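Comments concern the structure below.
The values are calculated or read from the model by the stated rules, or taken from the named source; none is laboratory data. Only a predicted model underlies this, so the values are computations on that prediction, with no experimental measurement involved. FYI the Cβ positions are ideal-geometry reconstructions off the backbone, even for glycines, and counts take in every protein chain you see.
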């Protein structure tokens with residue numbers, strides 16, 4: 001479904017190193033703008049989908065840096081210079097997909113730049129202390145990182161005028177854009193392939209966590225609550241926190257590591273509910289669980305407040321503590337949910353809706369710019 005606009009268009013994405021939520025958004029943009037080359041800091045095409053690989057991929061000078069495949073995040077101080085190094089003079093329309101520096105691309109003076117923002121850079125704004133501490137990077141390195149973060153914040157704000165229209169992936173992120181950038185943003189929720197999941201009305205009594213095992217995901221809260229209530233809890237995912245979390249886990253908690261898609265789909269279908277204790281910008285995992293007809297018990301901040309409807313698709317807990325989560329689980333056990341209603345709610349976040357809304361937004365802004 002390509003867009004009916006006579007524009008020489010370009011796509012911009014931070015990096016192409018795997019298929020996560022941001023890359024699912026990029027896939028749809030690739031279909032809307034099938035001839036647009038993708039500009040990105042670094043790319044490893046074998047790690048992304050065929051839809052993305054069909055496009056010409058243009059990388060920055062970072063692609064030639066030593067050990068970039070494993071250490072690209074370590075080159076953070078070079079990110080602004082790298083994204084600004086692209087020559088965009090040939091393009092009339094630039095659509096960026098940004099959670100780091102993609103929104104800082106330099107469009108041509110005549111070009112229209114629309115930026116879909118997954119979040120302003122978490123690790124230099126609201127979540128710096130969760131990404132960097134003396135225990136993770138050491139005292140001397142932390143001082144250097146603080147200086148780099150301060151420079152990145154100044155650059156991030158300075159590049160805001162390069163964007164003509166912001167789109168946020170949630171109202172939560174739109175508020176952050178307003179607070180940090182001083183700009184309004186439309187809200188278009190990211191795509192979820194709801195058709196991939198089958199609705200299930202059965203469960204095996206176990207609760208599910210599907211998450212990277214990193215500190216800000218707060219998987220420790222789910223484990224502590226499960227220990228307290230003697231609940232069967234299955235954790236799918238891996239990461240640097242795994243050893244600490246395994247030491248915390250009681251006998252009813254099991255760790256599966258990362259598993260393939262069919263096993264993930266089966267885990268959603270067989271669980272009693274998904275536990276989602278972190279604060280996310282949007283959160284695709286809860287919607288995937290809902291597409292399987294399963295309710296979600298989530299921390300009541302961030303994007304989950306836009307997808308988890310109290311009493312319809314799950315329940316929210318107010319404090320990010322194990323006690324608050326345990327109370328929510330006990331409350332959940334006294335509630336009833338209809339799998340068909342949960343599934344219908346999830347379909348409101350389907351990939352087709354994202355494609356339609358993004359296409360309409362881009363066409364509208366292009367036509368208005370032409371009229372001016």
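General remarks:
- Yes/no for residue 319 being in the same structural domain as residue 204 (by TED's automatic domain parsing), free of Cβ contacts under 8 Å to residues at least 24 places away in the same chain, more than 26 Å from residue 177 (Cβ to Cβ) and under 21 Å from the mean Cα position of the chain (by Cα): no
- Of all residues in the stretch 204-254, those being in contact with a strand residue (DSSP E or B) (Cβ under 9 Å, 6 or more places away or on another chain), buried (at least 18 other Cβ atoms within 10 Å of the Cβ) and more than 20 Å from residue 288 (Cβ to Cβ) number 9.
Yes or no, residue by residue, for (1) buried (at least 24 other Cβ atoms within 10 Å of the Cβ); (2) outside the structural domain of residue 202 (by TED's automatic domain parsing); (3) out of contact with any strand residue (DSSP E or B) (no Cβ under 6 Å at 6 or more places or on another chain); (4) in a helix (DSSP H, G or I):
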{"position": "274", "(1), (2), (3), (4)": "yes, no, no, no"}
{"position": "281", "(1), (2), (3), (4)": "no, no, yes, no"}
{"position": "287", "(1), (2), (3), (4)": "yes, no, no, yes"}
{"position": "293", "(1), (2), (3), (4)": "yes, no, yes, no"}
{"position": "297", "(1), (2), (3), (4)": "yes, no, no, no"}
{"position": "324", "(1), (2), (3), (4)": "no, no, no, yes"}
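- Filtered residue count, the stretch 105-161, keeping only those that are modelled with pLDDT of 80 or more and over 23 Å from the mean Cα position of the chain (by Cα): 14
- If you go through the stretch 307-316 and keep only what is surrounded by fewer than 18 Cβ atoms within 10 Å (Cβ to Cβ) and either under 20 Å from the mean Cα position of the chain (by Cα) or part of a loop (DSSP other than H, G, I, E, B) (or both), you end up with 309, 311, 312.
- Filtered residue count, the stretch 347-367, keeping only those that are closer than 27 Å to residue 315 by Cβ and in contact with a strand residue (DSSP E or B) (Cβ under 7 Å, 6 or more places away or on another chain): 3
- Any hit, the stretch 66-80, residues being within 21 Å of residue 121 (Cβ to Cβ) and in contact with a strand residue (DSSP E or B) (Cβ under 6 Å, 6 or more places away or on another chain): no
- Of all residues making up the stretch 1-26, the number that are within 20 Å of the chain's Cα centre (by Cα), touching a residue at least 60 places away in the same chain (Cβ under 8 Å) and over 20 Å from residue 87 (Cβ atoms): 5
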